[in-house]
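For reference, the structure is listed below as structure tokens.
The values are calculated or read from the model by the stated rules, or taken from the named source; none is laboratory data. Just so we're clear, the structure is a prediction, and the values are computed from it rather than from any experiment. No Cβ is skipped: glycine too gets one built from the backbone with ideal geometry, and neighbour counts run over all protein chains shown. What goes into the accessible areas is simple: the full protein's heavy atoms, side chains included, and nothing from ligands, DNA or RNA. Shrake-Rupley method; radii C 1.70, N 1.55, O 1.52, S 1.80 Å.
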Amino acid sequence: MNVDQPVSTSKATQHLSDLARLRRVRDRIDREYAEPLDVEALACGVNMSAGHLSRQFRLAYGESPYSYLMTRRIERAMALLRRGDLSVTEVCFEVGCSSLGTFSTRFTELVGAPPSVYRREAAQATAGIPSCVAKQVTRPIRNREAPASDPT
């Protein structure tokens, strides 16, 4: 009889359970990105500590829950800015950000241009393209920063 078998099975079961809880966290972020979410609240919702959630989420998805949340918010902000009927400040608050400075900084990091510049240029760049295609083409870069613009 293999004594290690029950432990191995138990670890595998726990790993699958953790993955299911991480998917629930990711799905909640996707649904409630505009709500005031923090890692503590997300962790509480799946009966994990905030530290454990952050570590496991990063292992599973390659980025922290906060980074994933901000990426979702920036994706939505890009769509609203392309629409053109809201100011940058209105878009910031519409997607759940409470600081225009943090929103603008993260937007610029992910997209490679400040929200105001993106808003001006996106209207021209996506003119005539169906919105579902524009969303795919303009999706922010994930798990790395936008390439630095050439200063020349």
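Looking at ALA77, is it small (Gly, Ala, Ser), at pLDDT 95 or above and either open to solvent by less than 40 Å² (accessible area, probe 1.4 Å) or part of a helix (DSSP H, G or I) (or both)? Yes: the conditions hold for ALA77. Of all residues in the range 80-89, those satisfying the criterion of being surrounded by 18 or more Cβ atoms within 10 Å (Cβ to Cβ) and either in a loop (DSSP other than H, G, I, E, B) or in contact with a Lys or Arg (Cβ under 8 Å, 6 or more places away or on another chain) (or both) are LEU81, ARG82, VAL88.
Within the range 84-98, the set of residues being among the small types (Gly, Ala, Ser), under 14 Å from PRO36 (Cβ atoms) and touching a helix residue (DSSP H, G or I) at 6+ places or on another chain (Cβ under 8 Å) comprises GLY96 only. Could you tell me how many of the residues in the range 6-16 are at pLDDT 85 or above and within 17 Å of TYR61 (Cβ to Cβ)? Going through the range 6-16 one residue at a time, the tally reaches 1.
Candidates ALA123, ALA127, ALA134: the one that is modelled with pLDDT under 90 and open to solvent by less than 50 Å² (accessible area, probe 1.4 Å) is ALA134. If you go through the range 31-56 and keep only what is among the polar types (S, T, N, Q) and either under 11 Å from the mean Cα position of the chain (by Cα) or in a helix (DSSP H, G or I) (or both), you end up with SER54, GLN56.
For the range 57-64, check the following and say yes or no: at least one residue is part of a helix (DSSP H, G or I) and farther than 30 Å from PRO114 by Cβ. There is at least one residue in the range 57-64 that is part of a helix (DSSP H, G or I) and farther than 30 Å from PRO114 by Cβ. Within the range 31-66, being surrounded by 15 or more Cβ atoms within 10 Å (Cβ to Cβ), within 16 Å of VAL95 (Cβ to Cβ) and either modelled with pLDDT of 95 or more or not aliphatic (A, V, I, L, M) (or both) holds for GLU32, TYR33, TYR66.
In the condition set (1) surrounded by fewer than 18 Cβ atoms within 10 Å (Cβ to Cβ); (2) within 18 Å of ILE29 (Cβ to Cβ); (3) modelled with pLDDT of 95 or more; (4) not β-branched (Val, Ile, Thr), PHE107 is compliant with all but (1). Here is a check on your reading of the model: is ARG28 modelled with pLDDT of 90 or more, within 29 Å of PHE93 (Cα to Cα), in a helix (DSSP H, G or I) and open to solvent by 90 Å² or more (accessible area, probe 1.4 Å)? No.
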